[in-house]
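Single-structure report; data block below.
The values are calculated or read from the model by the stated rules, or taken from the named source; none is laboratory data. None of these values were measured; they are calculated from a predicted model. Using ideal geometry, Cβ is built from the backbone for each residue, glycine included, and neighbour counts are taken over all protein chains shown.
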Amino acid sequence: MIILTAGGSFAQTYLNQFDAEVASIRELGEAKFVEKIRKAKSLIHNAATIECNDLDQCLVRNFDFTRNLVNQAQAVNPGLHLIFLSSMSILDPSNSKAYGDVLGMTAYAYSKYLAEIFCLKSELKNVSCVRFSTLFYRDHKKDGLSKLASDAVTTGKITIFNQGEARRNFLPLRIAAQYISKLTEQHKPGKRVYTLASAQSTSFADIASLLQKHIPGLEVQDEEIPAAPPVLSEFSTDSIDELGRIKFSLEEEIAEYIKSLRS
């Protein structure tokens, strides 16, 4: 049995493609939640709070919950495969294989950093910590690419910054879910960290060109702003090559999203 610890966009996308169930401690209560853990073969820990009021709240919701979850799993099902959905925000912006400066991390990133380290240092035998690149949710409230596409369809114009020079490594949410499914099937005993990303980065200037291709007459405005903090866009392909690379066309993914927005 494959269990996800929360609902939300990732869980829904995963459940649309694969057999699993959501077991939320808030909805089930602790006793029933622990019974789900006891029976699980793979436990996908996707529960997290991104927007926190302060550091303490982030630690309570992201680190403390993860620590309690790991301790419960160790007690009732130490052989399960824990898949912890971590965050690329914990990484050095110039090196996707190294942790960033702890003191410079946001409250969210710090809470995810502690949670990842705890999972890797725990007594559980099978742990996979997963960092996704920038996810393409197909939801204008969730990510910048979706917001640009939504603005393009609804207003006929978009705004990019500094000539769209910033780059991202976009990974469609459905592809991310497919990689996690591969991980549940192919995991080898032990503790591993996986970086799941597409094989190439894309600039926002490229995104604007793709949107113009599919939306004739689209107006693209450019604004010059102070340089924003760097975001990782180049990642090693070791993890996706190990699991089996899932090929996709970002242009086709965007075109399908545009179609859904128009319908």
Segments classed as helices (runs of 4 or more DSSP H), wholly inside the stretch 158-263, with at least 3 members that are hydroxyl-bearing (Ser, Thr, Tyr): 173-186
Among the candidates Ser150, Ser146, which residue alone is under 21 Å from Leu85 (Cβ atoms), among the hydroxyl-bearing types (Ser, Thr, Tyr), part of a helix (DSSP H, G or I) and not assigned by TED's automatic domain parsing to the domain that holds Lys41? Ser146
Within the stretch 117-138, track down each residue that is under 11 Å from the mean Cα position of the chain (by Cα) and of a type in the set (Val, Ile, Thr). Val130, Thr134
From Gln74, Gln12, which residue is farther than 25 Å from Leu173 by Cα, modelled with pLDDT of 95 or more and surrounded by 13 or more Cβ atoms within 10 Å (Cβ to Cβ)? Gln74
Residues of the stretch 179-198 being under 21 Å from Phe118 (Cα atoms) and of a type in the set (Phe, Trp, Tyr), which ones? Tyr194
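Rundown of residues vs (1) part of a loop (DSSP other than H, G, I, E, B); (2) in contact (Cβ under 8 Å) with a residue 12 or more places away in the chain, yes/no style:
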position: Gly79; (1), (2): yes, yes
position: Ser89; (1), (2): no, yes
position: Lys97; (1), (2): no, yes
position: Leu103; (1), (2): no, no
position: Ser111; (1), (2): no, yes
position: Ala115; (1), (2): no, yes
position: Val130; (1), (2): no, yes
position: Arg138; (1), (2): yes, yes
Any residue at all in the stretch 62-69 that's farther than 29 Å from Arg138 by Cα, of a type in the set (D, E, K, R) and surrounded by fewer than 19 Cβ atoms within 10 Å (Cβ to Cβ)? yes
Name the single residue, out of those in the stretch 49-61 being among the hydrophobic types (A, V, I, L, M, F, W, C) and at pLDDT 95 or above, that is surrounded by the most Cβ atoms within 10 Å (Cβ to Cβ). Cys58
Here are some conditions: (1) farther than 19 Å from Glu242 by Cβ; (2) surrounded by fewer than 19 Cβ atoms within 10 Å (Cβ to Cβ); (3) in contact (Cβ under 8 Å) with a residue 24 or more places away in the chain. Leu211 meets all but one. Which one does it not meet? (2)
